[in-house]
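Notes for the one structure printed next.
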Amino acid sequence: MIKLLRIELFKIFRRPRTYISFGIVTAISLIIQLAMLSGGKDFVSFGMQGVTDQFDIQGDIINGYFVTYIILQSLLVQIPLLVALVAGDMLAGEANIGTLRLLLTKPISRPKLIMIKFLASLVYTILLIVWLAVVGLFLSLAIFGEGDMINMKSDAFIMILKNDVMWRYVAAFGFAALAMTAIAAMAMMLSAFADNSIGPIIATMGIVVVLTILSSLELPLFNLIKPYLFTTHMIGWKGFFDDQVPYGAIGRSASVLVIYTVAFLGTTIAYFNKKDITS
Amino acid sequence: MEPIIQTQHLSKTFKTFKAVDDLSFSISHGDIYGFLGQNGAGKSTTMRMLLGLIYPDSGKIFIEGKEFNNNNRKLLSSIGAIIERPDMYGYLSGWENLKIFAALSGKKIPESRLYEVLELVNLRGREKDKVKAYSQGMKQRLGIAIALVHSPNLLILDEPTNGLDPQGIAEMRSLILSLSHDHGKTILISSHLLYEIEQVATKMLIIHKGKKVVEGKVSDLLNPEETLVDIKVRPDETLQAKLAVSEWTQFITNQTHATVTLKMNIANIPTLNKWLVNNDIEVVSINSTHSLEAYFLSLTQ
Amino acid sequence: MMKKIMVLLMMMIVAVGAKSMEADKLYYALRDKVMKVKDYTADVKIKIDVNYMRIPEVKGKLFYKAPDKMRLERNGGLSVLPKKNINMTLSNLMPTGTVTALDAGSETISGKRTRIIKVIPDGESNIVLAKLWIDEGALTVLKTETTTKDQGMILMNLEYGAYSAYGLPTKVLVSMDVKEYKLPQGVAMDYNDPMEVKQKPKDGKPRKGTIQLTYLKYDINTGLSDNVFKKPSK
């Protein structure tokens, strides 16, 4: 099992494409950090008008913790793409280059192969999140320093003391990893259905974008289905930055994500185990 | 001894297309088993079923006497295969590709064995190059190395000469013969070209539209007695009468005043030719085809 | 008879006047005491309690310089104070200049008997009316209710300790009106409990906010420079 996992990881990390994701995460982080360095004041004063009308806030609002939050929020849309880039390629990509049929003539059961490929995607996903923590959080802290963190929700202004922030980020990155695991499982599932790698990557992205829009639209019809969309739960990491961390809600969101992950993975195994390989 | 592969009433339908239809055959240890059929006849589908890539709708497969199915994939460790193109991870070196598939073979394989198979397929020295830089022939040979690395008893080679230049085809042919003679491998090889099969195979199976047409020893199927000789002559009214009283009449299958077709031993053509000349029949051309080849061609037309 | 009535009336007026003079005097005496403090630096704890402001209790140094400078410093941290933060000091809730002060009864606040006076500034002022609950013995204000032009009603409850001689409280609770706050949708992308049905709709009415200041230690009249109150250029 470990040997097979190592082989899958070897295949992932020997491919130049894999590092594009890490490059994109770095680039987006740097762009936001630069933007915050130059125009952060305006951005903040725009967002805080509702508060600064009545309150006088002094000190470095734009500190590392704040910038990290902005980066995380921005990357919410891109990271699924980067996860899909690898996870969506796990089966379809091998079908596309023709190695899948050779791989599947080896004495390994297909469910086991799926699990190994999923684990390999998971390792990649977690490394991507860890990298995001490095360039998003630690680099932001290095550039902007630490300080009390403000969090602007649509109906509340939240301030978190600086010695109370770090654990929240640890938890938030953990939650993000869970959310991305669900994405990885979905991309793998789509990958099992396809024989080319572009399809599942685009399909993953399409589903995430459409469902995210559904999740954020305030329409009665959508409000009914919202609780059942995994995209609604993917932003659960934000819960850790509330003054009263809604552990119940976060726990439920995490459960929904786990259920989705298991369902995606189960579907992948059930489908792929029966699939005739004609690629 | 048990057949290394045996199928019983194997059938597979894709949607409405019947790819393989009630196919039964068996391959014995030591055979070079030629699998002949036009494109789309069901060769690849059959081979994929033997390898667990495609699941049969009905019928059974036995590998070394044990029934093979998706829960019994361990049996695959006694098979090495190239299915269609020898596709590999182009961004990895030949060595890395070989190592990956060796590790997946279910057997513990020492590095020395890797060098051994590279030597065998004549890729030693090029193993550190990325596979995407390989020629088609090199990829094919690396494919063979991968198929061989875990020392399987049976090699399944699907159209191994496809896309190769004449020199590559010749090399592949001698490699296949050497694997059989020097290394004792049983080989299942498919082709849509009869002459490729007849040059290497000891046994052969022709399939058409998923069904078995004929199976047997190549030496039997390609019996020289079964050669079809087509003769064209300058139109001659006396031809039929002359032939009718000759010893050749027993071989004639078809004739006009300008053409004759005989089914006979290919060795008798010079004698026949001499007889024609001696009887003042002006020969325009003499062509010989084996009856199996003619039959196979008729299938593909 | 007429004369008697007139005298009586005069006496009543004088009596009322005398009483009124007393309220004035009390107010001026109180104001003089409060105004003696020209500046201070205090270690404070602040808890802001506004429904949409979720801020933990913070510790900091509060700098004050009469008449209208105030700054909270939190050793590199963020400091959040109401915009009109100066209204959190008693001195700014007491009308300046000449005033008209009227008695408005009495009340007992946490065991202390207080005299209530209403103060109306004679001149132009942001303060329309100030109502003060005064502990006459200690000459301290325990409660104020100030109506301002720009900020509506500001309520203040004060507790005293070691610094009552300066008229400086150890605990202040300020209540004021705050407006509703709403960030435009789409800017925030909130995470709310997705399993929960929609929250109660907002009515848009002004809400009360309170700020609780606990003074731990004062340094009084140290001659603070104006520079202390300059906002950092960054």
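Side notes on the structure shown:
- Flag for C:Val80 being facing chain A (nearest Cβ under 10 Å), β-branched (Val, Ile, Thr) and either over 13 Å from the mean Cα position of the chain (by Cα) or under 27 Å from C:Ile120 (Cβ atoms) (or both): yes
- Total residues in the range B:84-94, condition crowded, with 24+ Cβ neighbours inside 10 Å and at pLDDT 90 or above: 2
- Filter pass, B:Asn153 being within 28 Å of B:Glu198 (Cβ to Cβ), surrounded by fewer than 18 Cβ atoms within 10 Å (Cβ to Cβ) and touching a residue at least 60 places away in the same chain (Cβ under 8 Å): yes
- Listed here are the helices (runs of 4 or more DSSP H) enclosed by the range A:1-70 that have at least 3 residues being under 30 Å from C:Asn75 (Cβ atoms), more than 10 Å from chain C (Cβ to nearest Cβ) and modelled with pLDDT of 90 or more: A:16-47.
- Qualifying residues in the range C:203-227 (those that are surrounded by 10 or more Cβ atoms within 10 Å (Cβ to Cβ) and among the basic types (Lys, Arg)) - the one modelled with the lowest pLDDT: C:Arg207
- Unmet criterion (only one of (1) without any contact (Cβ under 8 Å) to a residue 40 or more places away in the chain; (2) touching a helix residue (DSSP H, G or I) at 6+ places or on another chain (Cβ under 7 Å)) for B:Pro110: (2)
- Some residue of the range A:78-87 being more than 8 Å from every other protein chain (Cβ to nearest Cβ) and among the small types (Gly, Ala, Ser): yes
- Filter result for the condition that a residue is within 14 Å of another protein chain (Cβ to nearest Cβ), surrounded by fewer than 17 Cβ atoms within 10 Å (Cβ to Cβ), of a type in the set (Gly, Ala, Ser) and more than 17 Å from C:Met35 (Cα to Cα), over C:Gly123, C:Gly152, C:Gly161, C:Gly111: C:Gly152
- Just so you know, in the range A:36-50 the residues that are under 15 Å from A:Ile143 (Cα atoms) and touching a residue at least 24 places away in the same chain (Cβ under 8 Å) include one that is nearest to the chain's Cα centre (by Cα), and it is A:Met36.
- Residue within the range B:56-65 that is at pLDDT 95 or above, under 29 Å from A:Met90 (Cβ atoms) and part of a loop (DSSP other than H, G, I, E, B) present: yes
- Residue under evaluation B:Asn97, criteria (1) within 21 Å of B:Asp158 (Cβ to Cβ); (2) surrounded by fewer than 19 Cβ atoms within 10 Å (Cβ to Cβ), criterion not met: (2)
- Looking only at residues of the range C:83-108 that are within 14 Å of chain A (Cβ to nearest Cβ) and touching a helix residue (DSSP H, G or I) at 6+ places or on another chain (Cβ under 8 Å), we find that the one that is nearest to A:Ile61 (Cα to Cα) is C:Lys83.
- Members of the range C:139-191 that are at pLDDT 90 or above and charged (D, E, K, R): C:Lys143, C:Glu145, C:Glu159, C:Lys171
- Subset tally (residues that are buried (at least 20 other Cβ atoms within 10 Å of the Cβ), touching a helix residue (DSSP H, G or I) at 6+ places or on another chain (Cβ under 8 Å) and of a type in the set (A, V, I, L, M)) for the range A:144-165: 5
- Residues in the range A:233-247 that are facing chain C (nearest Cβ under 7 Å) and not acidic (Asp, Glu) were compared, and the one that is surrounded by the most Cβ atoms within 10 Å (Cβ to Cβ) is A:His233.
- Residue match in the range A:161-177 (condition: assigned to a loop (DSSP other than H, G, I, E, B) and either within 12 Å of another protein chain (Cβ to nearest Cβ) or out of contact with any strand residue (DSSP E or B) (no Cβ under 7 Å at 6 or more places or on another chain) (or both)): yes
- Reported count of residues in the range A:94-111, each being within 13 Å of A:Ser197 (Cα to Cα), within 7 Å of chain B (Cβ to nearest Cβ) and touching a residue at least 24 places away in the same chain (Cβ under 8 Å), is 1.
- B:Leu10, sole failed condition from (1) more than 19 Å from B:His150 (Cβ to Cβ); (2) touching a Phe, Trp or Tyr at 6+ places or on another chain (Cβ under 8 Å): (2)
- The helices (runs of 4 or more DSSP H) found entirely in the range A:214-279 that carry 2 or more residues being touching a residue at least 24 places away in the same chain (Cβ under 8 Å) are A:230-234, A:247-274.
- Subset of the range B:271-287 [surrounded by fewer than 16 Cβ atoms within 10 Å (Cβ to Cβ) and either small (Gly, Ala, Ser) or more than 30 Å from B:Gln38 (Cα to Cα) (or both)]: B:Thr271, B:Asn273, B:Lys274, B:Val277, B:Asn278, B:Asn279, B:Asp280, B:Glu282, B:Val283, B:Val284, B:Ser285
- Each residue in the range B:101-127 was checked for being surrounded by fewer than 14 Cβ atoms within 10 Å (Cβ to Cβ), closer than 23 Å to B:Gly90 by Cβ and basic (Lys, Arg), and 1 pass.
Per-residue answers, yes or no, for (1) in contact with a Phe, Trp or Tyr (Cβ under 7 Å, 6 or more places away or on another chain); (2) closer than 29 Å to A:Met115 by Cα; (3) acidic (Asp, Glu):
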{"site": "A:Leu178", "(1), (2), (3)": "no, yes, no"}
{"site": "A:Ile183", "(1), (2), (3)": "no, yes, no"}
{"site": "A:Val209", "(1), (2), (3)": "no, yes, no"}
{"site": "A:Ser216", "(1), (2), (3)": "no, no, no"}
{"site": "A:Pro220", "(1), (2), (3)": "no, no, no"}
{"site": "A:Phe230", "(1), (2), (3)": "yes, yes, no"}
{"site": "A:Val258", "(1), (2), (3)": "no, yes, no"}
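- Residue check for B:Tyr89: out of contact with any strand residue (DSSP E or B) (no Cβ under 8 Å at 6 or more places or on another chain) and either at the interface with another protein chain (Cβ under 9 Å from one of its Cβ atoms) or within 13 Å of A:Lys106 (Cβ to Cβ) (or both): yes
- Among the conditions (1) free of Cβ contacts under 8 Å to residues at least 12 places away in the same chain; (2) within 14 Å of another protein chain (Cβ to nearest Cβ), A:Ile202 misses just one, which is (2).
- For B:Ile176: the one exception among (1) in contact with a Gly (Cβ under 8 Å, 6 or more places away or on another chain); (2) assigned to a helix (DSSP H, G or I); (3) surrounded by 22 or more Cβ atoms within 10 Å (Cβ to Cβ): (1)
- Within the range C:142-152, tally of residues that are within 20 Å of C:Pro82 (Cβ to Cβ), more than 10 Å from the chain's Cα centre (by Cα) and touching a residue at least 24 places away in the same chain (Cβ under 8 Å): 4
- The number of residues in the range C:45-59 that are buried (at least 19 other Cβ atoms within 10 Å of the Cβ) and in contact with a Ser or Thr (Cβ under 9 Å, 6 or more places away or on another chain) comes to 4.
The values are calculated or read from the model by the stated rules, or taken from the named source; none is laboratory data. All values reported here derive from a predicted model rather than from experimental measurement. Counting neighbours? That spans all protein chains shown, and the Cβs are built from the backbone with ideal geometry, glycine included.
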